[in-house]
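The values are calculated or read from the model by the stated rules, or taken from the named source; none is laboratory data. In this text the structure is predicted, and so the values were computed from the model without any measurement. Ideal geometry is used to build each Cβ from the backbone, glycine not excepted, and the neighbour counts take in all protein chains shown. Accessible surface is based on the protein model in full, side chains and every heavy atom, while ligands, DNA and RNA are left aside. Shrake-Rupley method; radii C 1.70, N 1.55, O 1.52, S 1.80 Å.
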Amino acid sequence: MSTTRFVLLAAGFVAGMWLYASGVLAQGYPSKPIRLIVPFGAGGGSDYVGRLVGLKLTQQLGQTIVVDNRPGAASLVGTEIAARAAPDGYTLLLADSGFTINIAFYKDAKYDALKDFDPVTVVAETPYLLVVNPGLPYAGSLRDYIAAARAQQGRINIGSAGNGSGTHLSGELFKLRAGIQVTHVPYKSAGASVADVAGGQIQSSMTSAPPALPLVKSGRLKILASAAAKRTALLPDVPTFAEGGVSGVEVTNWYSVMSVGGTPRPVLKRLHDELTLAIASADMRERLAAGALEPAPNTPEQFRKMIAGELQRWARVIRDAGIRQE
């Protein structure tokens, strides 16, 4: 037997054994609890979606999905913990749009969005919202808010889920397009920021819908504008920023599940199939709708292309808005 033929046969044998082992791994997966890292505190949109996903996958897979909240640095802390985990499918990340923003915003982000993670699927998406305390004299409309901000340069506060988060960057984009100065106040979660708006500690916040809607329904918050391209069926009474006279503020937050880079393909396929099934279920869609979240599943390939596009988009926004990297 020639050396070349021997090498080819050996390579084929190794590849075949790898495929066999991967298949066996997928058939036995999961054989223990799975950790789902949510890189924000309790009460925010990511936590809301993470717990919905955890509940459904626990029911479908027969193994407990442990939701592990790891807030800090606008999701950098939890994301970097996930990036260092073993690529075996037993550590997952609940990532939102901050996953791509952080790469452009932080100089020392210790993960590569395209290499350190394997995308599984987007679960749902929702536009960012500008909310205010309804007791304020300028809580009537977005135009009233902008007029007050111009008259009180820098004295109105706007909260976010943290420096570099989607809520922060969408707020900066709003300030840029409206030509106003309001003071950014970062929190560890959107839930914490909207709680302080309702309590009167700050005047306004950019937020995702899930943590805000209970406070809106109770009359403790008011939504002034949505960063959607047009009014959504889930929030039909909420005007867009464009309707309020500010164009170019169209930012949709997405919530997704990712695995660690290098996870075996059969395991990724199992995760994708189970998540697609979960998102399609009537109870999951009902609970997403309750948080003004629209199902948005895609394939891992589509998701990877989306991430690449988002990385470019946020780099442009940060540059155009003159935001300094941290």
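Within the group Gly98, Gly89, Gly62, Gly43, which residue is in contact with a Gly (Cβ under 6 Å, 6 or more places away or on another chain), on the phi > 0 side of the Ramachandran plot and of a type outside the set (Phe, Trp, Tyr)?
Of the residues listed, the single one that is in contact with a Gly (Cβ under 6 Å, 6 or more places away or on another chain), on the phi > 0 side of the Ramachandran plot and of a type outside the set (Phe, Trp, Tyr) is Gly43.
For the structure I just gave you, tell me whether Lys115 is more than 17 Å from the chain's Cα centre (by Cα), over 16 Å from Ala321 (Cβ atoms) and among the charged types (D, E, K, R).
yes
Within the range 114-147, which residues are touching a residue at least 12 places away in the same chain (Cβ under 8 Å), farther than 16 Å from Ile223 by Cα and outside any loop (DSSP other than H, G, I, E, B)?
Within the range 114-147, Phe117, Asp118, Pro119, Val120, Thr121, Val122, Val123, Ala124, Glu125 meet the criteria.
Any residue at all in the range 213-227 that is under 30 Å from Tyr111 (Cα atoms) and touching a Leu at 6+ places or on another chain (Cβ under 8 Å)?
The answer is yes, given that some residue of the range 213-227 is under 30 Å from Tyr111 (Cα atoms) and touching a Leu at 6+ places or on another chain (Cβ under 8 Å).
Looking only at residues in the range 181-201 that are at pLDDT 95 or above, among the hydrophobic types (A, V, I, L, M, F, W, C) and more than 15 Å from Ile223 (Cα to Cα), which one is least open to solvent (accessible area, probe 1.4 Å)?
If we take residues in the range 181-201 being at pLDDT 95 or above, among the hydrophobic types (A, V, I, L, M, F, W, C) and more than 15 Å from Ile223 (Cα to Cα), then Val182 is least open to solvent (accessible area, probe 1.4 Å).
Can you tell me which residue is nearest to Val66 (Cα to Cα) among those in the range 85-110 that are in contact (Cβ under 8 Å) with a residue 60 or more places away in the chain and among the small types (Gly, Ala, Ser)?
Gly89
Scan (1) crowded, with 18+ Cβ neighbours inside 10 Å; (2) closer than 16 Å to Ile156 by Cα for the single condition Ala225 breaks and write down its number.
So Ala225 meets the others, but not (2).
Would you pick out the residues in the range 228-243 that are open to solvent by less than 60 Å² (accessible area, probe 1.4 Å) and under 22 Å from Ala198 (Cα atoms)?
If the condition is that a residue be open to solvent by less than 60 Å² (accessible area, probe 1.4 Å) and under 22 Å from Ala198 (Cα atoms), then Leu235, Val238, Pro239, Thr240, Phe241 are the ones that fit.
Quick test for you: out of Val246, Val216, pick the one residue that is aliphatic (A, V, I, L, M), more than 14 Å from Leu293 (Cβ to Cβ) and open to solvent by 10 Å² or more (accessible area, probe 1.4 Å).
None of the other options fit; the residue is Val216.
For the range 168-180, which residues satisfy the criterion of being of a type outside the set (D, E, K, R), crowded, with 18+ Cβ neighbours inside 10 Å and either free of Cβ contacts under 8 Å to residues at least 24 places away in the same chain or out of contact with any Phe, Trp or Tyr (no Cβ under 6 Å at 6 or more places or on another chain) (or both)?
Those that are of a type outside the set (D, E, K, R), crowded, with 18+ Cβ neighbours inside 10 Å and either free of Cβ contacts under 8 Å to residues at least 24 places away in the same chain or out of contact with any Phe, Trp or Tyr (no Cβ under 6 Å at 6 or more places or on another chain) (or both): His168, Leu169, Gly171, Leu173, Phe174, Ala178, Ile180.
Does Ala151 fit the bill of being over 23 Å from Gly72 (Cβ atoms) and open to solvent by 10 Å² or more (accessible area, probe 1.4 Å)?
yes
Within 30 Å of Phe303 (Cβ to Cβ), among the hydroxyl-bearing types (Ser, Thr, Tyr) and touching a helix residue (DSSP H, G or I) at 6+ places or on another chain (Cβ under 8 Å): is that true of Tyr187 in this structure?
Yes.
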